[in-house]
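To keep things clear, I will list the structure first and then write my remarks on it.
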Amino acid sequence: MFKMVMGLCRQQTITKVLLCLAVVIKCTISDSHVIKFSQQEFEEQNDDHSNMLSMNVHQKSELRFRDSESEKSTIDARYDPTWESIDSRPIPQWYDDAKIGIFLHWGVFSVPSYVGAWFWYWWKGPQPRQDIVDFMKNNYRPDFTYADFAPLFKAEFYNPDQWADIFNASGAKYVVLTTKHHEGFCNWPTNHSWNWNAMDVGPKRDLVGDLAVAVRKRNLRFGTYHSLFEWFHPLYLQDKKNNFTTQDFVRTKTMPELYELVNTYKPDIVWSDGPDAPDTYWNSTNFLAWLYNDSPVKDYVVTNDRWCDRCLCRHGGYFTCADHYNPKTKQEHKFEDPTTMDKRAWEFRRDLNLEEVHTIEEVITLIAQVVSCGGNLLINVGPTKEGIIVPVFEERLRQMGQWLDVNGEGIYATKTWTYQNDTINPNVWYTSKDANSTKDIYAILLQWPDSQL
């Protein structure tokens with residue numbers, strides 16, 4: 001029924017063409033006609049916007065998200081604590097429909113705000129980086145420790161509602177916050193990390209809970225990033241020294257935190273990280289079986305693949321495989337590309353330069369590539385230690401939302417098509433939707449073609 005010609009679908013129907021950020025053009029095509037626009041016509045109608053467009057070749061289909069509180073599971077099965085059983089659980093539909101999420105790396109590492117979130121490890125780990133050693137020597141007293149950064153992490157300008165407004169305007173459908181990175185500092189008032197959490201030191205507030213409330217008020221889903229391991233925790237280091245034959249760290253720290261996070265905040269996503277040990281050490285399958293069978297979020301929770309040292313791209317929920325995972329070919333298994341707005345780091349860097357921030361054209365290219373291949377894009381912005389989303393990050397997110405306001409029909413709730421992109425023009429990417437007995441095909445053009453469409 002469909003034949004692709006120059007990135008357009010020939011079909012006997014009324015079609016809508018969505019151009020860039022503002023212009024909507026309606027036209028009729030048949031098997032004997034091809035839509036044509038000249039560069040001059042395009043520039044006259046859309047002078048202020050980038051040359052990107054999404055083309056719909058059938059009727060509009062609205063995307064609606066269900067309330068997570070009333071959402072009922074369509075999965076009646078119970079899951080055993082084995083990878084074979086856990087891997088058989090379908091990905092909840094809301095996640096596949098959402099397509100776009102916001103990632104937030106925020107913690108004590110936001111105070112030095114230099115090089116990256118691995119600052120402490122690169123400073124005091126087994127192979128210290130000389131640039132970080134020099135940075136500390138030149139800017140801090142000789143006896144300064146990493147723990148001394150924590151009281152300076154005050155988040156005095158943290159306004160969760162303002163953040164949530166930005167994320168809502170971005171077109172993202174879910175938000176994932178670092179509740180604990182590899183440094184071990186917890187952004188919630190946990191019972192399992194005395195004096196190394198956001199209520200006891202620094203902000204003196206529940207950073208996780210406040211944001212969860214704010215984003216849910218705007219009908220966005222909320223996820224919790226949690227690191228399984230901690231670089232310098234003595235119990236972890238002892239378990240590691242014992243070749244992970246003991247589990248004192250898992251028993252008293254990692255698992256109690258995970259159960260606490262799920263029961264307290266009821267996250268839509270549990271985003272695990274730092275799985276540098278076997279699943280038998282982490283008790284991953286037991287936790288996931290509880291999460292899917294008996295937890296308060298069992299009907300709708302989504303997880304990733306970072307649950308053991310051999311789990312990446314093999315086990316868990318959706319695959320992440322690696323940071324910045326953009327395969328650019330259609331994938332059979334649902335995946336997510338966790339990537340950064342700052343091309344060099346996950347956390348906010350005080351020495352950030354403008355050219356190190358993705359342009360909106362680059363962001364839209366990532367969206368088109370990832371979604372066309374069957375994935376979600378989780379794009380990270382690092383807040384400052386004061387709790388501010390800096391203007392350049394806010395601008396990019398709002399620009400992304402402006403593009404999605406016009407072109408989101410070809411992004412949200414779509415599926416992959418027969419081909420992820422055009423074999424002749426690499427700047428054309430395809431998505432699709434089922435519509436009754438027909439199919440909608442969307443061609444996302446990242447550049448205006450030199451010749452006619």
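Descriptive notes on the structure:
- If you plug the beta carbon distance of T280 and D148 into 1/(1 + (r/R0)^6) with R0 = 45 Å, you get a FRET efficiency near 0.75.
- Per residue solvent-accessible surface (Å²) - the stretch 227-346, probe of 1.4 Å: 38
- Dipole of the stretch 91-410, positive end: most advanced residue of T359, V108, N380 [Cβ charges, Cα centre]: V108
- For the stretch 91-410, DSSP calls about 5 percent of its internal beta bridges antiparallel.
- Two-site label geometry, Y259 and I424: point separation in nm, points 7 Å out along Cα→Cβ: 6.1
- Inter-label distance, nm, simple model (7 Å from Cα along the C-beta direction), K343/N138: 2.4
- The alpha carbon gyration tensor of the stretch 121-271 gives principal lengths a ≥ b ≥ c with a/c of 1.5 or higher and a/b no greater than b/c, which makes the shape oblate.
- Cα-based convex hull volume of the stretch 323-410 per residue, rounded to whole Å³: 99
- Over the stretch 127-279, relative contact order from alpha-carbon pairs under 8 Å, at least 6 apart, %: 23
- When the solvent-accessible area of the stretch 91-410 is split by element, carbon and sulfur atoms take up 49 percent of it, the probe being 1.4 Å.
- Pairwise centroid distance, computed over Cα atoms, of the stretch 148-227 with the stretch 316-367, Å: 21
- Shape call, the stretch 224-280: gyration tensor on alpha carbons, a/c limit 1.5: prolate
- When the chymotrypsin sites (Phe, Trp or Tyr not before Pro) in the stretch 374-453 are filtered for DSSP coil states and for at most 16 other beta-carbon atoms within 10 Å of their beta-carbon, the remaining sites are Y419.
- Taking 18 Å as the limit for the C-alpha separation, the pairs K173/K298; K334/K415; K124/K154 exceed it in the case of K173/K298; K124/K154.
- In units of the rule-of-thumb radius 2.2 N^0.38 Å, the stretch 91-410 shows an alpha carbon radius of gyration of 0.96.
The values are calculated or read from the model by the stated rules, or taken from the named source; none is laboratory data. Predicted, not measured: the structure shown is a model, and the values here were computed from it. Ideal geometry is used to build each Cβ from the backbone, glycine not excepted, and the neighbour counts take in all protein chains shown. These area figures cover heavy atoms from the full protein model, side chains too; ligands, DNA and RNA do not enter into them. Shrake-Rupley method; radii C 1.70, N 1.55, O 1.52, S 1.80 Å.
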